[in-house]
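For reference, the structure discussed in these notes is given below.
Values quoted throughout were computed directly from the atomic coordinates according to the rules given, and no laboratory measurement underlies them. Worth saying up front: this structure is predicted, and the values here are computed from it rather than measured. Positions of Cβ are backbone-derived with ideal geometry, glycine not excepted, and every protein chain shown enters the neighbour counts.
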Amino acid sequence: MDRKQGIEPIIDVGRYKISNDDMGSSSNGSDENLTLEEAIEKTTNHIAGLDKNNKLRTMRDENFKKAACSIAPWWLYMQANKIDIEYFLDITAYEVFSNGKQTIIIKIFNHAGQLVSFKYRVHKGVKWSVFYGTKPNKITVKRLVDSNAPVFIVEGHRDALTAILMGINFIAVPTVTYTEFDDIELTFLKDKELVFIPDIDGSKSVEGMTKLLNQCDGIAKSLSIIDLRNIYKSENIPTTKDKFDLSELVEDWIGDLNGLKSVLAYSCESEGIF
């Protein structure tokens, strides 16, 4: 594998184990009396321990590969640019529990770059479990890699990690209830071409994205949307699903990364599901 092409992640994993599986569970009663400052300190210490033991991660480790593929399909890791793989590794951690199960963790930072929380991809059968006392769902995840390219607005932490691997500008709102950008986020989006990609899943995602879009009217350079169902139809992607988001599209995609990014570029609409 040619590392110069940025195809293989620079990652030896799976050596770190903790005895307390409850770290990170949103229902961990033993941590219910922590102040926010204490919760953030515990978060910081826990992630620091993981990072120390994650330094030698490599996709040759089949356990880590399995955990990573719960975020995105293997082909995306293989085609992602080296800089995007490295950013993905910086913003994630990998944990092996005492029962042998493993998961990817996304680190949550505030606007000042301070680590304030984290979310497990899966913990005790629960997707995107959070550490009690922290507030990861009140903070967006954002990245600007090309100041001249559109910024995609997506929903959820899996879509955030998918967007990182794709190498696109994005801001990921944490949940459907996040319906108003703060001043720092609006500054990030000012004079940019914004492309909204709501989840199509029967939730309030479209409603929430509508509010965000309206808030950006007069701030952004342009506003457009993507109805993911139209991409499935136009690209003849086989599916029996009735729920769609960016990560699901990547999982079902039958072409390469450049083709996918091109399709996203020409699938923008000025009106539609909103």
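Numbers below:
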| quantity | calculated |
| --- | --- |
| Potential lengthening between Leu144 and Glu38 on full extension [0.36 nm per residue; Cα-Cα distance subtracted] | 35.0 nm |
| Region 179-274: GluC sites (Glu not before Pro) in DSSP coil with no more than 13 other Cβ atoms inside 10 Å | Glu180, Glu271 |
| Which of Leu36, Leu246, Leu223 has the fewest Cβ neighbours within 10 Å, and the rest in rising order | Leu36, Leu223, Leu246 |
| Total lysine pairs whose alpha carbons fall under 20 Å of each other in region 141-266 (8 or more apart, or interchain) | 16 |
| Whole-Å semi-axes of region 161-233's equivalent ellipsoid (Cα gyration tensor) | 19, 15, 13 |
| Separation between Cα centres of region 91-129 and region 194-261, rounded to whole Å | 25 |
| Environment charge at Ser222 (Cβ cut-off 11 Å; Lys +1, Arg +1, Asp -1, Glu -1) | -1 |
| In sequence order, calculated HN-Hα J values of region 126-134 (Karplus, 6.51, -1.76, 1.60; Hz; x Gly/Pro) | 9, 7, 6, 5, 10, 6, 4, x, 9 |
| DSSP bridge orientation in region 141-266 - percent antiparallel, rounded to nearest 5 | 25 |
| Loop sites in region 174-274: trypsin sites (Lys or Arg not before Pro), DSSP, at most 16 other Cβ within 10 Å | Lys190, Lys204, Lys221, Lys241, Lys243 |
| Simple label model, 7 Å out from Cα along Cβ direction - Gln215 to Thr187, nm | 1.6 |
| Spin-label pair Asp90/Lys135, simplified geometry with 7 Å Cα→Cβ offset, distance in nm | 2.7 |
| Stretchable slack from Asn63 to Asn99, in nm (0.36 nm times residue separation minus alpha-carbon distance) | 11.6 nm |
